[in-house]
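Participant: Dropping the structure in here first, questions after.
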Amino acid sequence: MKKLFVIIALVLFFGYAFKFLPFIYNEVRPLFLYSLNKNECVDSLNEMKIQFKYLGDIKNNQCIIKNAVRINHYPNTKMSSPITMSCTAAKNLGNYFTLIKAKNVVHYGTYNCRQIRRSGYISEHGFGTAIDIASIDGASVQKDWNKETQKGFILKEASKAARNFYTNVITPDTNSAHYDHLHLDNGLGLRY
């Protein structure tokens with residue numbers, strides 16, 4: 001009888017505790033956001049010859065981007081549209097594009113103050129540290145992922161290289177929610 005009581009008490013305690021984990025995470029995550037200071041940011045992006053506009057800190061409810069920048073394009077990479085990210089994330093993305101020699105990237109977006117589906121956790125998009133990439137140099141994640149073709153090879157190599165720059169590299173192999181894009185972010189390792 002004592003064992004049963006202890007088990008019930010533990011189940012209730014952990015059930016209650018886990019219900020509040022997203023709330024705790026969402027409050028604590030911004031404390032771990034790293035960003036270059038404004039001068040370092042501007043100097044770094046100028047040295048990389050990135051066309052950008054400095055936006056400063058952006059705060060929207062629980063979402064915050066430290067030292068946000070709007071990137072119009074990278075020197076050797078044309079993007080489907082401008083992006084907004086933290087300066088550190090934008091610099092990181094530029095280095096990634098340079099490594100994989102990306103000439104043309106189609107993306108589904110960067111900053112978006114939202115939760116991860118069915119979780120209660122703020123997405124890394126809400127902190128300006130994530131990008132969703134749909135296509136690299138004509139290789140479509142939805143059409144070419146896991147194909148034994150040149151385009152399939154481009155995507156596999158790009159996802160491998162991303163692990164040098166990102167904490168989370170989420171592909172169609174990770175789950176069905178990412179069937180059509182690569183999600184790259186510098187979060188704390190929270191899986192989507």
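The values are calculated or read from the model by the stated rules, or taken from the named source; none is laboratory data. None of these values were measured; they are calculated from a predicted model. When we count neighbours, we look across all protein chains shown, and the Cβ atoms used for this are built from the backbone with ideal geometry, even at glycine. What goes into the accessible areas is simple: the full protein's heavy atoms, side chains included, and nothing from ligands, DNA or RNA. Shrake-Rupley method; radii C 1.70, N 1.55, O 1.52, S 1.80 Å.
Participant: With a sphere of radius 10 Å drawn around the Cβ of residue 67, what net charge do the other residues whose Cβ falls strictly inside it have (Lys, Arg +1; Asp, Glu -1)?
Facilitator: The answer is 0.
Participant: Related question: By a straight-distance test (C-alpha under 18 Å), which aspartates and glutamates pair with residue 66 as possible cross-link partners, with residues fewer than eight away in the same chain excluded?
Facilitator: Straight-distance partners of residue 66: 27, 40, 43, 57, 124, 185.
Participant: How many nm is it between the label spots at residue 175 and residue 57, if each spot is 7 Å from the Cα in line with the beta carbon?
Facilitator: If labels sit at residue 175 and residue 57, their model points lie 3.1 nm apart.
Participant: Another question, then. Over 20 Å between C-alpha atoms is what I'm after, so list which of 91/151; 49/156; 38/103; 49/91; 49/160 land there. Numbers along the way, then the final one.
Facilitator: Working: 91/151 26 Å; 49/156 28 Å; 38/103 28 Å; 49/91 11 Å; 49/160 26 Å.
Flagged as over cut-off: 91/151; 49/156; 38/103; 49/160.
Participant: With a 1.4 Å probe and every protein chain left in place, tell me how much accessible area residue 149 has, in Å² to the nearest 10.
Facilitator: Roughly 70 Å² of residue 149 is accessible to a 1.4 Å probe.
Participant: Moving on to the next point. For the chain, what is the mean residue ellipticity at 222 nm derived from helices alone (per DSSP H run of n ≥ 4: -39500 (n - 2.57); sum divided by total residues; nearest 500 deg cm²/dmol)?
Facilitator: -10500 deg cm²/dmol
Participant: Give me the one-decimal Kirkwood hydrodynamic radius in Å for the chain, with the sum taken over alpha-carbon pairs.
Facilitator: About 17.9 Å, per the Kirkwood formula over Cα pairs.
Participant: Could you provide, to the nearest whole Å², the per residue accessible area of the chain with probe 1.4 Å?
Facilitator: Value returned for the chain: 56 Å² of accessible area per residue.
Participant: Which aspartates and glutamates, on any chain, are close to residue 143 with Cα under 17 Å apart, when same-chain ones fewer than 8 places away are left out?
Facilitator: Here the aspartates and glutamates satisfying the reach criterion relative to residue 143 are 132, 157, 173, 180.
Participant: So, with a 1.4 angstrom probe, what is the percent of accessible area on the chain that is carbon and sulfur?
Facilitator: Of all accessible area on the chain, carbon and sulfur atoms account for 57 percent.
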